[in-house]
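Shown next, in structure tokens, is the structure this report addresses.
Since every read-out is calculated from the coordinates, none of them should be taken as a lab result. Just so it is clear, the structure is predicted and the values come from calculations on it, not from any experiment. When we count neighbours, we look across all protein chains shown, and the Cβ atoms used for this are built from the backbone with ideal geometry, even at glycine.
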Amino acid sequence: MVSCVSSPETSWCPSPLSVETSSITSDGSESVLDLKMSSLSSIKEEDLHQSLPPCVLDGGMNSVYDHQLEQAMAEAEKARWDAYRETVRRRKAEKDLIDAIRKTNDTNILYQEEIKLRKELEEELHKAKEEIHNMRSQIDKVNENLQLALDHKSLKENQIGEDSRTQSLQLFNEFSFSEIEKATCNFNPSLKIGEGGYGSIFKGILRHTEVAIKILSHNSTQGPSEFQQEVKILSKLRHPNLITLIGVNQESKTLVYEYLPNGSLEDHLICIDRTIPPLSWKTRIRIATELRSALVFLHSNKPHSIVHGDLKPSNILLDANLVCKLSDFGISRVLSRQDDSSSNNTNSTQFWITSFAKGTFAYMDPEFFATGELTTKSDVYSFGILLLMLVTGKSALGIKNEVLYGLKGGEMKSMLDPLAGDWPIVEGEKLVHLGLKCCDMDRKIRPELYSDVWRVLESMRGLCSNL
């Protein structure tokens, strides 16, 4: 708003040109300001004199002009600053916009990559589901074939069992007592090769065959029941690692076996007779493997498992090739199921209970000794003691605690029997740990012979392949 110059005599307001010049808006445009300034400068002085009142022309012309010029310059400066600030603001806005666009593009790229990756994962997941489905179908088919094979195996086992029983009746010989006397030269002491709880064992020639003859002693701790039990079991079973019963004499309760020239495992471990060479570590591992096979055969007998019940080195005989044969089935037992109503349940526990536990104390299952309940795990305990003996060469009594003490002291190497040769430390340690697990006080912790024990011994088969 431009003020009018007034005096007592007259009043004056600037011309429209002056008003236009003094009312420049601050829109930030320098071109408008320059135009106005050029218009102002083009005003002729005489035109200015004509437009001004006489009172101004007389003395205030210069001051008014200066005032208007200063005001125009100030407004021009302000317009320049406003324009500068606007430029800065716009540049910043443009930069922010460019950054936003760049971030948007980057985000879009990441989003597209994520979509691609998700699609690939979905495809992989779909393929995996299809593979799982196919594998399940294959597993179902394999299980079906396995079940058919098991059914077929069961049928064959029953047929083999019948054939074996028939064959055993055909192969089982009944010898007269006179034949027994003749074979042993009237029980000549020079032919005596052993003595046990049942009686004396003689070497003899019977029907042109070298045999071992075990005759019941009058003062024996065993009797007719043990004789009948051994005949009952061995007449039905044939296995490479079970001693072969050739025949009997019912009158004298005499048992006739195949003859095994290398004595018992006890003879080779204790080495009382210096003429008997010790067994190498390879032979010992093989004997453990063969013994496991014999026990699995007994425990898998159908319809009921058989437990040897007196597993010890003196009952393990060795043939000419040091192949082991398990003998002495006098106190062996055929197990029955816990509940007759569960006879169709293959997982039910089989056992035999007695009020008087028979066996050799150092090898006897503590649970059997305490409860009178005999199970297949009772043989596993005895097998564990035998394993420790094969590795260390120590006697059975107290061997478990002695081995545990040696392990705690880090004396594994010194525990290995030096008579067996240069034991491989790793295999020796595996056998020791396996033996300790087998003879654990808790029968539930003892491993299964057909799986756990097999895996450990099978891994060592290559070491004994040249035997």
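Could you list which residues have their amide H under 5 Å from that of K236, counting only those 5 or more apart in sequence or on another chain, with H placed in the peptide plane?
Answer set, sorted by chain and number: none.
Could you derive backbone 3J(HN,Hα) for the range 319-326 from the dihedral phi with the Karplus parameters 6.51, -1.76 and 1.60 (θ = phi - 60°), listing whole Hz in sequence and x where the residue is Gly or Pro?
Along the range 319-326, the couplings run 8, 4, 9, 6, 7, 7, 9, 7 Hz.
Among G406, T392, M460, whose Cα lies farthest out toward the positive end of the dipole of the range 261-464, if unit charges sit on the beta carbon of Lys, Arg (+1) and Asp, Glu (-1)?
Of the candidates, M460 comes out farthest on the positive side.
So how do 283-290, 100-107, 383-390 stack up, highest first, on mean other-Cβ count within 10 Å? All intermediate terms of the calculation are to be shown ahead of the outcome.
On the way: 283-290: 22.6, 100-107: 10.0, 383-390: 24.8.
The densest-packed peptide leads the list: 383-390, 283-290, 100-107.
Please report the relative contact order for the range 172-259, taking Cα pairs under 8 Å with a sequence separation of at least 6, and give it as a percent rounded to a whole number.
Values: 136 pairs, mean separation 27.3, N = 88.
Result for the range 172-259 is 31 percent.
Could you give me the ³J(HN,Hα) list for the range 397-409, computed from phi with Karplus coefficients 6.51, -1.76, 1.60 and θ = phi - 60°, whole Hz, x at Gly and Pro?
5, x, 5, 4, 5, 5, 5, 4, 5, x, 5, 5, x
Whole angstrom only: what separates the Cα centroid of the range 241-256 from the Cα centroid of the range 171-210?
Each part reduced to its Cα centre gives a spacing of 10 Å.
Cut-off is 10 Å between beta-carbons; in what order do K282, K156 appear when sorted fewest neighbours first?
Numbers: K282 19, K156 11.
Placing the least packed residue first, the sequence is K156, K282.
Near T375, within a Cβ-to-Cβ distance under 9 Å, what is the net charge of the other residues, with Lys and Arg +1 and Asp and Glu -1?
-2
Taking the Cα centre of each part, how many Å lie between the range 363-430 and the range 109-124?
60 Å
Sequence-distant or interchain residues sharing an amide H contact under 5 Å with Y259, placed H: which?
Distant-sequence amide H within range of Y259: A212.
Return the long-range amide H neighbours of E448 (sequence gap of 5 or more, or a different chain), with a cut-off of under 5 Å between placed amide H atoms.
Under 5 Å from the amide H of E448 lie the amide H atoms of V453, each far enough along the sequence or on another chain.
Which of the lysines could be linked to K78 by a straight reach, that is with a Cα gap under 28 Å, when you skip same-chain ones fewer than 8 residues away?
Candidates past the 8-residue exclusion: K36, K44, K92, K95.
How would you order 429-441, 138-150 from highest to lowest mean count of nearby Cβ atoms within 10 Å? Provide the component values of the computation, followed by the final result.
Values: 429-441: 19.0, 138-150: 10.4.
Result, highest mean first: 429-441, 138-150.
What length, rounded to one decimal in nm, is gained on full extension from R85 through to Y405, with 0.36 nm per residue of separation minus their alpha-carbon distance?
Details: separation 320, 0.36 × 320 = 115.20 nm, distance 9.13 nm.
In short, 106.1 nm is gained.
Whole-Hz Karplus ³J(HN,Hα) for the range 243-256, in order, using 6.51 cos²θ - 1.76 cosθ + 1.60 and θ = phi - 60°, x for Gly and Pro?
These are the phi-based 3J(HN,Hα) values: 5, 8, 8, 7, x, 9, 10, 5, 4, 9, 6, 9, 10, 10 Hz.
Just to confirm a number: summing +1 for Lys and Arg and -1 for Asp and Glu over residues other than T289 whose beta-carbon lies under 15 angstrom from that of T289, what do you get?
Working: positive: K282, R284, R286, R292, K325, K430, R455, R461; negative: E290, E427, D452, E458.
Result for the local shell: +4.
Mind checking which lysines have their C-alpha under 25 Å from K141, skipping anything on the same chain fewer than 8 residues away?
Partners within reach: K127, K129, K153, K156.
Please tell me which of these pairs span more than 31 angstrom C-alpha to C-alpha: K358/K437; K236/K377; K192/K400; K182/K358? Working shown, then result.
Numbers: K358/K437 23 Å; K236/K377 23 Å; K192/K400 34 Å; K182/K358 34 Å.
The answer is K192/K400; K182/K358.
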